[in-house]
Amino acid sequence: MATATSTPTTDRLSSYNPATGEVVGTVAVHTPAEVDAAVARARVAAQAWGALSFEARGEELTAFRKAIAAHADELAELLHRENGKPELEAYVEVMMALGHVQHAAARAESAMAPKKVSAGMLANFRATISYHPLGVVGVIGPWNYPLYTPMGSIAYALAAGNAVVFKPSELTPLVAVKLAEIAAKTFALPNLLQVVTGAGATGAALAKSAVNKIAFTGSAGTGKRVMMAAAERLTPVLLELGGKDPMIVADDADLEKAAEACVYGALTNAGQACISVERVYVADAVHDRFVDEVVKQVRALKVGGDDGDLGAMTSTAQVAIVKDHLEDAIAKGAKVLTGGPGAISGNYIQPTVLTEVDHRMKVMSDETFGPVIPIKRVDSLDEAVKLANDSTYGLGSTVFAGKAARSIAARLRAGMTSVNSVMGFAGIPSLPFGGIGDSGFGRIHGDEGIREFTRVKSTAEQVMSIPMNMMSFRQPKDMTKRLKGMIKQLYGDGVIAKAGDLFRRLR
Ligand code: NAD
């Protein structure tokens, strides 16, 4: 059974299509007892799964990947109907999720390979670092990328040898239930990937449960609550939170390409991406031309319909936030070049371009999470970098520039930067993904994303005896004197390169 069902639950949760308001389906609201039961079942699965070889797990994960690919149409259809995103974007999401299943399975063995490290002063030791599965990982996911985002934790946690209990967003639970069904049919072990459904209370129960790690993706506010709940058992947490990603356009950038990247980066998924371009800083010399190009490209986009460029916003609550940010910006002097609060109809928002913006405005400081492009003119690249770094968030960032591109990128306080492209880091599975500050901590994707779901073990093995054994009370009478000499030789002026040389001298 894919979903937690140990104690029958009477409550149901409806998932709505934000484009039409129709009910797409209903799911159970799992109670804390049901969540605990799912974690207990996962514990059994984890013991068997963690004991398998990398090769055996790799084969199972390959079968899982193929099964997901075989159900791509159903998953994309659910993504389209539950989240509101256009069909094309739904398929892009399925494809990117598959890329991570493949990558995590392929990389697990080398990412977790034991490492021999220098034993330093204890030259007669063999020092090894090894990586082991944690056990059960709880994954709590958001609604904006209901498959791709949690898969960044699920695939890597499974590949590292853990079982997973996944709590999807209450706005998009059906995609997750489908994924769990696919898992249940594919994996030889039962309960390796289970889904528990419900709203915040179900997520809170998972955060408080006996999982060995919580991987949370969502807002900073909820992230703090998850961390507090996990603190009860000292359960480690990985937090993938929101962002206010800046884009910098220098005067020697390819303006057409920069505008194209800006429009896509700000408006894909109707701007509901944690790594959306949320604010743009453009060099004075090219500002007007860049703005004209952005407005031209934005006006050519189609909003709504199965084949639209932008779909419906996933929730009316998110529409209200975007409207509030636009009204706040306009009240403080922003200029609307296209779109605007008057161009909001139900859950559809016409993409909006703003100029004359500044950091007093919510649209430049808080996560808007909607199809809005606020563009600010800057006098220098130093000013652009200063403003880009003026945020409590630090997730993604984008630089379009000529010769200074790399040096600008290096100065940005962010977990990830795309240079002369947008969101490039999210499409490269070997690059770790995550943020700093209010954007959270820990990493998914890449080898770091695999090791994030492991415990690190250090082993020190004495391979030969030497005359001086520091880990003993049996020391020569003049040991204190010798130690004084050692301190000077090893760490003072009389530096000796190798501990072995020192031992020979002190013999
Ligand atoms: P949210 O914080 O409202 O909810 C996220 C999940 O937490 C949902 O499953 C929800 O049911 C659950 N939840 C709510 N209260 C809880 C509690 N007290 N304890 C445990 N779980 C609880 O976020 P959202 O609105 O679903 O997602 C949008 C946010 O996610 C944005 O801020 C976005 O930037 C961020 N996000 C970040 C990344 C990333 O990788 N950094 C990716 C996608 C989205």
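The values are calculated or read from the model by the stated rules, or taken from the named source; none is laboratory data. Everything quoted here is computed from the prediction, not taken from an experiment. Here the Cβ positions follow ideal geometry from the backbone for every residue, glycine too, while neighbour counts run over all protein chains shown. Accessible surface areas use protein heavy atoms only, side chains included; no ligands, DNA or RNA. Shrake-Rupley method; radii C 1.70, N 1.55, O 1.52, S 1.80 Å.
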Pick out the one residue from Gly440, Gly446, Gly415 that is within 11 Å of the ligand (Cβ to nearest atom) and at positive phi. Gly440
Would you say Thr268 is within 12 Å of the ligand (Cβ to nearest atom), in contact with a Leu (Cβ under 9 Å, 6 or more places away or on another chain) and assigned to a helix (DSSP H, G or I)? no
Filter result for the condition that a residue is away from the ligand (no atom under 16 Å from the Cβ) and either open to solvent by less than 10 Å² (accessible area, probe 1.4 Å) or in contact with a Gly (Cβ under 6 Å, 6 or more places away or on another chain) (or both), over Ala343, Ala329, Ala312: Ala329
Could you tell me which numbered condition Ala426 fails, if it satisfies all but one of (1) over 20 Å from Tyr131 (Cα atoms); (2) under 14 Å from the mean Cα position of the chain (by Cα); (3) open to solvent by 20 Å² or more (accessible area, probe 1.4 Å); (4) not basic (Lys, Arg)? (3)
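Going through segment 133-147 one residue at a time, which ones are out of contact with any strand residue (DSSP E or B) (no Cβ under 6 Å at 6 or more places or on another chain), of a type in the set (A, V, I, L, M, F, W, C) and within 11 Å of the ligand (Cβ to nearest atom)?
Trp143 - this is the single residue of segment 133-147 that is out of contact with any strand residue (DSSP E or B) (no Cβ under 6 Å at 6 or more places or on another chain), of a type in the set (A, V, I, L, M, F, W, C) and within 11 Å of the ligand (Cβ to nearest atom).
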Of Glu89, Glu74, Glu93, which residue is more than 22 Å from Ala160 (Cβ to Cβ), of a type outside the set (Phe, Trp, Tyr) and either surrounded by fewer than 15 Cβ atoms within 10 Å (Cβ to Cβ) or over 22 Å from the mean Cα position of the chain (by Cα) (or both)? Glu74
Restricting attention to helices (runs of 4 or more DSSP H) lying wholly within segment 415-507, give those where 2 or more residues are at pLDDT 95 or above. 446-451
Scan of segment 200-216 for residues that are within 7 Å of the ligand (Cβ to nearest atom) and open to solvent by 20 Å² or more (accessible area, probe 1.4 Å), ordered by number: Gly200, Ala204
Counted residues in segment 157-199 being of a type outside the set (Val, Ile, Thr), open to solvent by 10 Å² or more (accessible area, probe 1.4 Å), in a helix (DSSP H, G or I) and within 16 Å of the ligand (Cβ to nearest atom) come to 1
Hey, among the residues in segment 229-259 that are in a loop (DSSP other than H, G, I, E, B) and open to solvent by less than 10 Å² (accessible area, probe 1.4 Å), which one's nearest to the ligand (Cβ to nearest atom)? Gly242
